[in-house]
């Protein structure tokens, strides 16, 4: 992997050189597909021999982090991106990959979250997932990954269609949120969303509930993104667009490996809101927790 700068502030000349090189190579450009939306002075693009993969590095130091989103917003799509997390002592840092609409009022916004909670050296990352619909979240499930996500790139995917939202890691489904609107469970069906990513400091809660703080002597921290793929939703034959898929259609049930999903949940899930008696002791569990 290409060596990264020892300071977030060294990005300007490096970015200029890399953009010239990429223009000469006429390669497919991640740079063309995303916008850095904050922390532009803490992000840069580079190509990594021998694969010449164009990579976006987000940087975090004590001043601030950085974030991007796709230039396009989509209503139903599958998003795949390769991501390599902050190595070594990443406690307090959070690297994210998520869907969110751009302009929706907070009380009505939808969101699909993957948040990678940093670790003290030698401890595993926690993948924290959540789903918001119409401004309401609290649908948290957490997982331990079965590999070191900071040692190499791995593929993380969000497949959002009219029937379900599926989160996958290296093609393995780990979470599935079905569209059960007919049973009174809200589901995101009307707001276009962008894929977004960020690297930021959250040491008030991210690592062991905030007990372990960010070690700024180890900064700068880097998270690396590459190979963004977006596949628009394809309706079943005879249907004009995905939103018109009839309720009885099983088109989007195809290809989901139910056995792999059960195994991932049984093996790697460490928290499920549907099993949290403390969170819901004063009220009923969310309706989706009682549905198959």
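The values are calculated or read from the model by the stated rules, or taken from the named source; none is laboratory data. Worth saying up front: this structure is predicted, and the values here are computed from it rather than measured. Reconstructed Cβ throughout: ideal geometry from the backbone, glycine too, with neighbour counts over all protein chains shown.
Within the range 132-159, the set of residues being touching a helix residue (DSSP H, G or I) at 6+ places or on another chain (Cβ under 8 Å), in a loop (DSSP other than H, G, I, E, B) and over 30 Å from residue 48 (Cβ atoms) comprises 134, 135, 138, 139, 140. Being at pLDDT below 65, within 30 Å of residue 161 (Cα to Cα), in contact with a strand residue (DSSP E or B) (Cβ under 8 Å, 6 or more places away or on another chain) and not in a helix (DSSP H, G or I), is that true of even one residue in the range 28-36? Scanning the range 28-36, I find at least one residue that is at pLDDT below 65, within 30 Å of residue 161 (Cα to Cα), in contact with a strand residue (DSSP E or B) (Cβ under 8 Å, 6 or more places away or on another chain) and not in a helix (DSSP H, G or I), so the answer is yes.
Just a yes or no: is a residue in the range 163-180 over 21 Å from the mean Cα position of the chain (by Cα) and surrounded by 14 or more Cβ atoms within 10 Å (Cβ to Cβ)? Within the range 163-180 (the criterion being over 21 Å from the mean Cα position of the chain (by Cα) and surrounded by 14 or more Cβ atoms within 10 Å (Cβ to Cβ)), the answer is yes, since at least one residue qualifies.
Of the residues that make up the range 252-259, is at least one surrounded by 15 or more Cβ atoms within 10 Å (Cβ to Cβ), under 30 Å from residue 53 (Cβ atoms) and touching a strand residue (DSSP E or B) at 6+ places or on another chain (Cβ under 9 Å)? Yes: one or more hits. Does any residue of the range 105-113 turn out to be surrounded by fewer than 21 Cβ atoms within 10 Å (Cβ to Cβ) and touching a helix residue (DSSP H, G or I) at 6+ places or on another chain (Cβ under 9 Å)? So far as the range 105-113 goes, no, none of its residues is surrounded by fewer than 21 Cβ atoms within 10 Å (Cβ to Cβ) and touching a helix residue (DSSP H, G or I) at 6+ places or on another chain (Cβ under 9 Å). The residue that is nearest to residue 175 (Cα to Cα), counting only those in the range 268-282 that are more than 21 Å from the chain's Cα centre (by Cα) and in contact (Cβ under 8 Å) with a residue 12 or more places away in the chain, is 274. Scanning the range 204-233 for residues that are outside any strand (DSSP E or B) and either within 27 Å of residue 46 (Cβ to Cβ) or in contact with a strand residue (DSSP E or B) (Cβ under 8 Å, 6 or more places away or on another chain) (or both) yields 206, 207, 214, 215, 216, 217, 218, 219, 220, 233. The set of residues in the range 53-74 being surrounded by fewer than 23 Cβ atoms within 10 Å (Cβ to Cβ), farther than 13 Å from residue 228 by Cα and in contact with a helix residue (DSSP H, G or I) (Cβ under 7 Å, 6 or more places away or on another chain) consists of 61, 62, 64. Regarding the range 272-279, can at least one residue be identified that is surrounded by 12 or more Cβ atoms within 10 Å (Cβ to Cβ) and within 29 Å of residue 67 (Cα to Cα)? Yes - at least one qualifying residue is present in the range 272-279.
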